[in-house]
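Inspection log for the structure reproduced underneath, given as structure tokens.
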Amino acid sequence: MQVFGVWGDITNFSVLDSLIVALVAILLVFLVLTIIILVTSGIQKGMEAVEARTKILPKKENEILDEDPDAAVAALVAVIDFHKETGKDAEIISIKKVED
């Protein structure tokens, strides 16, 4: 069996030959890991740039959703109920709190 076409017979491997093969294999693994790290960090930076440009700001009239989490639930229930009764899609334009 030949390893990379360099050594002829595997039975004549010395310790030095084995260490060279192991060192090459270790360096190859670290090279692949470095490439993976660089690619993923590049993708992450690209995603951060896209998120920075496409930040969605809430409308001022819908600030009640930040103050009252029950308002979001009530709005969703109202939309679902409207869809069940009429079969039409609905869009929430604004939410106002009505005092009793």
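Please treat every number below as a calculation from the coordinates, not as lab data. None of these values were measured; they are calculated from a predicted model. Ideal geometry is used to build each Cβ from the backbone, glycine not excepted, and the neighbour counts take in all protein chains shown.
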Calculated FRET efficiency for the pair Glu48/Val24, C-beta based, R₀ 25 Å, to 0.05
0.10
Using a simple spin-label model with points 7 Å from Cα along the Cα→Cβ vector, what separation in nm is obtained for Asn12 and Val77?
8.5 nm
